[in-house]
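Remarks on the structure that follows.
The values are calculated or read from the model by the stated rules, or taken from the named source; none is laboratory data. These numbers come from a predicted model, not from an experiment. When we count neighbours, we look across all protein chains shown, and the Cβ atoms used for this are built from the backbone with ideal geometry, even at glycine. Side chains included, ligands, DNA and RNA excluded: accessible areas come from the protein's heavy atoms. Shrake-Rupley method; radii C 1.70, N 1.55, O 1.52, S 1.80 Å.
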Amino acid sequence: MSTGDLLSIEPQELQFAFELKKQISCSMQLQNKTDDHVAFKVKTTNPKKYCVRPNSGIVFPRSTCDIIVTMQAQKEAPPDMQCKDKFLLQSAVAPAGTSAKDITPELFNKESGNKVEECKLKVNYVPPKRPPSPVREGSEEGSSPRGSISDNGAVNLIDSNTAPRSFAESQDISSEAMTLISKLTEEKNSAIQQSKRLHQELELLRRQGNKSSGGIPLIYVLLIGLVGLLLGYMFK
């Protein structure tokens, strides 16, 4: 902060977050430390490059005034990001009732006997501020997302709440499949046992038919045998 008797100036160095092809602004505040009206005027070594609003005016007693300095969009960055531009802020005591339109160059002429102070300000380029990294909702709620690495090296985040749910669903599907397989196996075994019983009954009927005088009709024997064969074929 300036130690002048008339105005305190903050900051003493104008910092611009430099970006190519983009207008950049910074602010400066003047504080009147006296009970007088203080006139000011801002000059720069490169007036085509900067726009100062207001570049002159009156700071009332014990009050402040904000100044906005805008750098025009630049097509090239300076070597090593060093800037040689400078600003000069002149201040002088003005008669009470003086307005901005009443300010003349003679007011800042020391030879006329006016109390004039001058403050030189440097220009510095700083890297632009980066936006904060986005935070996943799962991380905000306290659950730490897990990641997997794809073939191209990218990390794929997997929500810790999603993974257990998918695993549980797969377990349910596997359990249903095992139940169905077990049921089909039981039905197949039951059919095989029934087929065996039919074959045994058929064999018994054949033996009894041979012993009896009348015998059993051949069509009945063939029908029972055909049913047994069909059942055995269906449940193999």
Among the residues of the stretch 12-35, the number that are free of Cβ contacts under 8 Å to residues at least 60 places away in the same chain, part of a loop (DSSP other than H, G, I, E, B) and open to solvent by less than 40 Å² (accessible area, probe 1.4 Å) is 1
Checked Val38, Val93, Val69 against criteria (touching a residue at least 24 places away in the same chain (Cβ under 8 Å), open to solvent by 30 Å² or more (accessible area, probe 1.4 Å), on the phi < 0 side of the Ramachandran plot and among the β-branched types (Val, Ile, Thr)); the one match is Val93
Restricting the stretch 96-128 to residues that are among the polar types (S, T, N, Q) and not in a helix (DSSP H, G or I), the one least open to solvent (accessible area, probe 1.4 Å) turns out to be Thr98
